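Notes to accompany the following structure.
The values are calculated or read from the model by the stated rules, or taken from the named source; none is laboratory data. Computed from a predicted structure; not experimentally measured. In this analysis, Cβ positions are derived from the backbone assuming ideal geometry, glycine residues included, and neighbour counts consider all displayed protein chains. Side chains included, ligands, DNA and RNA excluded: accessible areas come from the protein's heavy atoms. Shrake-Rupley method; radii C 1.70, N 1.55, O 1.52, S 1.80 Å.
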Amino acid sequence: MALSFEGKVVLVTGSGGGLGREYALAFAERGASVVVNDLGADIKGGGKSSAAADKVVEEIRAKGGKAVANYDSVEDGEKVIQTALDAFGRIDIVVNNAGILRDRSFARTSDLDWDLIHRVHLRGSFFVTRAAWNHMKKQKFGRIVMTASAAGIYGNFGQANYSAAKLGMLGLSNTLAIEGRNYNIHCNTIAPVAGSRLTETVMSPDLLASLKPEYIAPMVLWLCHEQCQENGALFEAGAGWIGKLRWERSLGSVVRQKNQPMTPEAVRDQWDKICDFTDATKPASVQESLQSIVSLLAPLESDGEVGANPTAAAAAAASASGVNPAQAVGQKLPPSTFVFTPTQCILYALGVGMSTKDPDHLRFLYEGHEDFGCLPTFGVICSQAAMMDGGLSAIPGLNIDFTRVLHGEQYLELYKPLPTSGTLTSEASVADVLDKGSGVVILLDVNTFSGDELICFNQFSVFVVGAGGFGGRRTSEKAKAPLPPPKRAPDVVVIDSTTRDQAALYRLSGDWNPLHIDPSFAAMGGFQTPILHGLCSFGFAARHVLKQFADNDPSRFKAIKVRFVKPVLPGQSLQTEMWKEGNRIHLQCKVKETDAVVLAGAYVDLHGASEASPENLAPQAAALQSELVFAEIGRRIKDSGAELVKKVNAVFAWEITKDGKTAAEWTVDLKSGSGSLQRGPTSGKADVTLTVSDEDFVEVVRGTLNPQKAFFSGKLKVRGNIMLSQKLEVILKDNAKL
Ligand code: NAI
């Protein structure tokens, strides 16, 4: 399909002529609204005229396109972007193209020659891009192109000023690509070669004729299209040819020996090896670059007979690997959005082994089924995008090599059955960072919402191999702990086979890691064949429990915890062993063929059968004692709501139960206006939700039941910000007379 830019607003700087003009015309031709910026300067940056930009705008309009002119220098980036906002209300794409030349041999380069070049190219690109950045961030879309030059990449006689500025733009682009990634802002750099007034004096007429500027524009358009996922890359292009560049690094040589001074002579002696590109690597990030250096440290420190110093090595590794829990914990990842239809729910169900062979699987496989629903463990799929798109690597204090990541454990809790379509948003934050010696464990908490309503909570335990030893804590109270199964034979055992294509099918639900499909990638990870996703076995095990103990009813599912111990190969059979302990089903999963435990310490929590059906969730007709308390709370809010809002500043939700079933729900909003009391579930988001029986609630209010005791004995359950429950005193204390 043709690439359209309909609805997109594009700024091309310096588009009054040369390459920029071609870009502007091409964007406009494909439906974009274009800001044609050009100062109308001469080639050395002198003079000023509105004619150049006006002419291109006229050309676009004459062809029925949308364009406005802007005559500011790129150094006035805010003004340039403001023109886009004033004329078209947004800014989607910025092509930093404006440029001048002031060529001089290095010795003759004046301060002005240096400064002017930097001001137009590097500072100009900075000012324009910074002015557009927050708009792009907010709208979660942006495409940026920087224009570098072969002169910067390779150096060129007489262009010291220009080379420096042009490669400065590449550095800027590389970092913007990292900072923008999570907001769908992509930034790439091009080094074009084309006939223009900048090159006409240095190239022959023949060459100029074959290096037409219109041969560059298609690449710029593709890089700026929403379909293009390229980010942080560098391209050379000319005459219709386009190529990509990257860094190559020789394997190099260690020129230091333990407990011996490092000398220039050793460097000289190793020089050939240092410069030998045989088997060169291609590091693509600071992490990849650092990791290979850090990995040399340990052998270097421990080699030789005289006392190694592991602590120093660990400290060096820690500071070099850049793990800093104090900095990382509490950091939020950019929110992610998951849009889905029944197709994704069905695909997931197939991915975790459901089949029409089993008639009671149909409710998860056929959208026309009267009980059509989503498998509860689909809750991980809605949330995983939060961590899949590399957000973790952008967290300060976690400067580690995320190529060596293993999924350690998973916890999922549903607050209501998952919808079968819609848009869910997930907010992820780093709950803790643990030092396991051989690696680091990152606990990532993800809350997933439908609108304001909290749907589910996930805790991903991510194990990063080789980044440990930074002297951090080994355990965390924030971790949802795995639990061992009871010491008796399992109550139920289910054996289920995975297919040869299980991983190929499962990955379509969003985990695209090549480890699960690409044999050469799997081999790099030390596996003979691609392995099944841990979360796929997790889905198998969860649905085994749901079928055996909850009649396949998704509304009975509450939570699941699993520790991933060993990989499963597609085609192997899974043996799920289950133990029922009240509403908790402990489980363990083995590969039947090898008897190896693959999921350990696992359990599923179910809602009691009686709680589940909708009739039982309806408010009870019989009067509840707690009604009186809420009536009194309502009166207090009427009298002094504003004051309570000031003191408490929180939304409380209550679920009052009677005989084990939810009998009433109440929302006390002491956050907005002068407060309010409402019967029914929260329409927005509660800061804390308290579940307690009608009788216990009244006892707590009367003072005959200590709230802490009620909490620890399980009579009072608190979800959300538990600290806020202390503020309940303010509302309840004076009600003790009740
Ligand atoms: P050009 O001179 O035709 O276009 C540059 C435009 O930028 C001019 O219209 C000029 O008025 C405008 N401009 C200069 N200073 C400005 C400022 N402060 N604010 C706003 N506009 C300003 O040159 P060409 O060849 O089209 O170059 C476009 C870009 O491509 C430049 O950044 C150049 O350095 C780069 N480039 C070009 C190569 C080529 O072979 N033509 C080779 C490598 C890089």
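For segment 98-121, the set of residues classified as more than 10 Å from the ligand (Cβ to nearest atom) and either open to solvent by less than 50 Å² (accessible area, probe 1.4 Å) or β-branched (Val, Ile, Thr) (or both) consists of Arg102, Ser105, Thr109, Ser110, Asp113, His118, listed by residue number.
Test Ile185 against the stated conditions and say whether it is within 32 Å of the chain's Cα centre (by Cα), within 9 Å of the ligand (Cβ to nearest atom), touching a residue at least 12 places away in the same chain (Cβ under 8 Å) and under 23 Å from Ala26 (Cα atoms).
So Ile185 fails the test.
Only one of the numbered conditions (1) open to solvent by 60 Å² or more (accessible area, probe 1.4 Å); (2) closer than 20 Å to Leu176 by Cβ is violated by Val74, and that is (1).
Evaluate segment 462-484: report whether one residue or more is under 24 Å from Leu375 (Cα atoms), open to solvent by less than 10 Å² (accessible area, probe 1.4 Å) and part of a strand (DSSP E or B).
Checking segment 462-484: at least one residue is under 24 Å from Leu375 (Cα atoms), open to solvent by less than 10 Å² (accessible area, probe 1.4 Å) and part of a strand (DSSP E or B).
Would it be correct to say that Ile91 is near the ligand (Cβ under 10 Å from one of its atoms), among the hydrophobic types (A, V, I, L, M, F, W, C) and either open to solvent by less than 40 Å² (accessible area, probe 1.4 Å) or closer than 25 Å to Tyr215 by Cβ (or both)?
Details: near the ligand (Cβ under 10 Å from one of its atoms): no; among the hydrophobic types (A, V, I, L, M, F, W, C): yes; either open to solvent by less than 40 Å² (accessible area, probe 1.4 Å) or closer than 25 Å to Tyr215 by Cβ (or both): yes.
No: the conditions fail for Ile91.
So for segment 191-204 (the condition being outside any loop (DSSP other than H, G, I, E, B), surrounded by 17 or more Cβ atoms within 10 Å (Cβ to Cβ) and within 14 Å of the ligand (Cβ to nearest atom)), does at least one residue qualify? Before the answer, list the steps.
At the first step, the residues of segment 191-204 found to be outside any loop (DSSP other than H, G, I, E, B) are 191-192.
If we keep only those that are surrounded by 17 or more Cβ atoms within 10 Å (Cβ to Cβ) as well, we get 191-192.
Those left that are additionally within 14 Å of the ligand (Cβ to nearest atom): 191-192.
Looking for residues that are outside any loop (DSSP other than H, G, I, E, B), surrounded by 17 or more Cβ atoms within 10 Å (Cβ to Cβ) and within 14 Å of the ligand (Cβ to nearest atom), one finds at least one in segment 191-204, hence yes.
If you scan segment 30-67, which residues turn out to be part of a strand (DSSP E or B), touching a Gly at 6+ places or on another chain (Cβ under 8 Å) and touching a residue at least 40 places away in the same chain (Cβ under 8 Å)? Full working, then the answer.
As a first pass, look at segment 30-67 and keep what is part of a strand (DSSP E or B): 33-37, 66-67.
From what is left, the residues that are touching a Gly at 6+ places or on another chain (Cβ under 8 Å) are 34, 36-37.
Answer for segment 30-67, where residues must be part of a strand (DSSP E or B), touching a Gly at 6+ places or on another chain (Cβ under 8 Å) and touching a residue at least 40 places away in the same chain (Cβ under 8 Å): just Asn37.
The set of residues from segment 12-41 being open to solvent by 30 Å² or more (accessible area, probe 1.4 Å), within 11 Å of the ligand (Cβ to nearest atom) and among the charged types (D, E, K, R) comprises Arg21, Glu22.
Just one of the listed residues (Asn161, Asn156) is within 15 Å of the ligand (Cβ to nearest atom), outside any helix (DSSP H, G or I) and either over 31 Å from the mean Cα position of the chain (by Cα) or not polar (S, T, N, Q) (or both), namely Asn156. Considering (1) more than 9 Å from the ligand (Cβ to nearest atom); (2) at pLDDT 95 or above, the lone condition that Lys44 does not fulfil carries the number (2).
Applying the set (1) within 11 Å of the ligand (Cβ to nearest atom); (2) surrounded by fewer than 22 Cβ atoms within 10 Å (Cβ to Cβ); (3) in a helix (DSSP H, G or I) to Thr175 leaves exactly one unmet item: (1). Across segment 630-681, the number of residues qualifying as of a type in the set (Val, Ile, Thr) and without any contact (Cβ under 8 Å) to a residue 40 or more places away in the chain comes to 4.
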